[in-house]
Amino acid sequence: MSRDLPVGNGALLINFDRNYQLRDIYYPRVGQENHTSGELNRFGVWVDGRFAWLDDHGWSRDLVYLPDTLVTNVTLRHPDLALSLTFNDTVDLGRDVLIRRVRVVNEGPEREIRLFFHFDWHIYGTEVGDTVMYYPAVKGLVAYKGQRCFAACGQVGDRIGLDGYACGKKDVGGAQGTWRDAEDGELGNNPIEQGSVDMTLALKVGRVPPGQTATAYQWLIAARNFAELQTVADVITLRGPEAFLERTRSYWIAWVNKENREFADLSPRVAE
């Protein structure tokens, strides 16, 4: 499948497909080690007992970037769920971290809404010998092998942490992966697994009144060791994910517009 929306900083490259599901995590050199091997890393939403992944046919999609940036501005709407999602995702300009902001608009009656983020690991390009675990020091899930570490964390409101997680086997003995565990809206909280593994985390945005918006953040840190991982995690905790999203947006706008360009009689749409 093609890669429709890439975001990166030269060391960490993230690619999303046409359904806006994460496919590639290249680090620390673009085009070399792909730590998901192009496999599907799913995003799903649970709404009062109903569940849909982003590859569900009920979604309509508008996949674009914010103007003059490498910050996505993706809107998805599911009429049957009476729900719309807006994603603003980017890789920070100075630190190797993917920052994701999800705004959820409830177009139905007041309901409880939960978000699920799934990662299918093939660290160094192979699933052999990967480890995934819950790591209290970063209040999130960590995947690692050798000199590659990844931490998946989240925030709803002022609270940093996860509302559920699952670490498990995949493609072994008939196991499909922890993403299946998410489809009932709950995760088993298995804290560690090793081998051919994946992991899923949950963020509960709570009960959302009709017509109202709830916001959640999820971030993925890439590092060469646990010390680097912890340093970045601590900075994000201190400053908040929104600060990194905003500074990267501002950086790209300044970079794109550092010179004035004339487009003659081209329409604004074509010039854009």
FRET efficiency estimate (nearest 0.05) - Cβ-Cβ, residue 32 to residue 176, R0 25 angstrom: 0.30
Correct choice for Cα extents along the principal axes in Å that was computed from the model, options (i) 57, 47, 38; (ii) 62, 47, 38; (iii) 54, 44, 42: (ii)
Cα-projected label distance for residue 51 with residue 228, points at 7 Å along beta-carbon direction, nm: 3.5 nm
Derived scalar couplings ³J(HN,Hα) [the range 69-82; Karplus, 6.51 cos²θ - 1.76 cosθ + 1.60; whole Hz; x for Gly, Pro]: 9, 9, 10, 6, 9, 9, 10, 10, 9, 10, x, 5, 8, 6
Where a label projected 7 Å from the Cα of residue 267 along Cα→Cβ would reach, residues of the range 56-94 with amide N under 20 Å: 63-65, 67-68
Magnitude of the charge dipole, the range 131-252, Cβ model with Lys/Arg +1 and Asp/Glu -1, debye to 20: 300 debye
Of 142, 108, 53, farthest towards positive along the dipole that unit charges on Lys, Arg, Asp, Glu beta carbons give the range 45-183: 142
Partner lysines for residue 204 [C-alpha distance under 19 Å; skip if fewer than 8 residues away on the same chain]: 139
Separation between Cα centres of the range 205-225 and the range 1-35, rounded to whole Å: 20 Å
All aspartates and glutamates inside 12 Å of residue 258 as judged from Cα atoms, apart from same-chain residues fewer than 8 positions distant: 68
Whole-Hz ³J(HN,Hα) from phi, Karplus 6.51 cos²θ - 1.76 cosθ + 1.60, for the range 158-168, glycine and proline x: 8, 9, 8, x, 10, 9, x, 7, 8, 10, x
Residue order, fewest to most surrounding Cβ atoms within 10 angstrom, among 4, 62, 92: 62, 4, 92
For the chain, with +1 on Lys and Arg beta carbons and -1 on Asp and Glu, the positive-most of 197, 212, 11 along the dipole: 11
Net lengthening on full extension, residue 126/residue 250 (0.36 nm per residue, minus Cα-Cα): 41.0 nm
GNM flexibility winner over the chain from 46, 252, 219 (Cα, springs under 10 Å): 252
Modelled FRET efficiency - R0 51 Å, residue 184 with residue 93, Cβ distances, 0.05 increments: 0.85
Computed magnitude of the charge dipole of the range 1-78 (debye, nearest 20; Cβ of K, R +1, Cβ of D, E -1): 20 debye
Relative contact order, percent, the range 42-258 [alpha-carbon distance under 8 Å, six or more residues apart]: 24 percent
Candidates 35, 118, 78, ranked by Gaussian network fluctuation over the chain, Cα under 10 Å, top entry: 78
Residues 29, 111, 247 arranged by fewest to most Cβ contacts within 10 Å: 29, 247, 111
170, 258, 204 arranged by Cβ crowding within 10 Å, fewest neighbours leading: 258, 204, 170
Separation of the residue 73 and residue 243 label points, Cα + 7 Å toward Cβ, nm: 2.5 nm
Residue 185 long-range amide H proximity, modeled H, under 5 Å: none
Rounded to the nearest 20 debye, dipole of the range 42-258 from Cβ charges on Lys, Arg, Asp, Glu: 520 debye
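Throughout, read-outs are computed from the coordinates displayed, never taken from laboratory work. Quick caveat: nothing in here was measured; it's all calculated off a predicted structure. Methodologically, a virtual Cβ is constructed for each residue, glycine included, from the backbone with ideal geometry; neighbour enumeration extends over all protein chains shown.
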